[in-house]
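Below you'll find the structure, written out as structure tokens, and then a few comments.
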Amino acid sequence: MSSFAPTSRNGRKLQEVEGDEKAPDSASTKAIKTFGLQRKRAEMIQRMSQEYLWKEWTHVTELHGVGKYAADAYAIFCTRKGDRVTPTDHMLNHYWNFLYGPKNTSI
């Protein structure tokens with residue numbers, strides 16, 4: 001991964017990750033150590049990133065480690081197709097309601 005720099009919950013930025021991603025103490029592992037489960041997460045991020053770049057995929061859930069939350073967020077923030085999803089995460093719901101109006105919560 002050459003330009004990965006998301007922000008952690010406490011506001012610190014992850015640095016650019018390069019080097020031997022397969023090593024247990026790789027730069028990506030060290031960069032996300034404060035998040036816990038760093039080796040597993042580093043491996044998942046690396047695999048998903050490789051699949052994003054090189055795999056022939058048609059829906060984001062085909063990528064490794066992408067579940068409903070990530071798929072909903074991708075639809076809302078990246079593809080502008082948020083009106084086609086119904087997020088279940090409370091914070092995504094706030095933003096979804098801001099964009100599309102309150103959703104019908106009756107069953």
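Please state, as a whole number in µm²/s, the translational diffusion coefficient that the Stokes-Einstein equation yields for the stretch 67-107 at 10 °C and 1.306 mPa s, with Rh defined as the Kirkwood radius across alpha carbon pairs.
Translational D for this selection: 156 µm²/s.
Evaluate the relative contact order of the stretch 67-107 (contact order divided by residue number), counting alpha-carbon pairs under 8 angstrom at least 6 apart; express in whole percent. Don't skip to the end; give the middle numbers.
Details: 21 pairs, mean separation 12.6, N = 41.
Here the relative contact order equals 31 percent.
May I ask you to evaluate 6.51 cos²θ - 1.76 cosθ + 1.60, the Karplus curve with θ = phi - 60°, for each residue of the stretch 43-60 and list the ³J(HN,Hα) values in order in whole Hz, giving x for glycine and proline?
3J(HN,Hα) across the stretch 43-60, in whole Hz: 5, 5, 5, 5, 5, 4, 5, 5, 5, 4, 7, 10, 7, 7, 10, 10, 9, 4.
Residue-wise, which Karplus ³J(HN,Hα) couplings in Hz belong to the stretch 72-84, taking 6.51 cos²θ - 1.76 cosθ + 1.60, θ = phi - 60°, and x for glycine or proline?
Once θ is set to phi - 60°, the couplings for the stretch 72-84 become 5, 4, 4, 5, 6, 8, 9, 9, 6, 10, x, 5, 9 Hz.
Taken together, the values in this text are just the output of simple stated rules run on the coordinates, not laboratory data. As the structure is a prediction and not an experimental result, all values here were calculated from the model.
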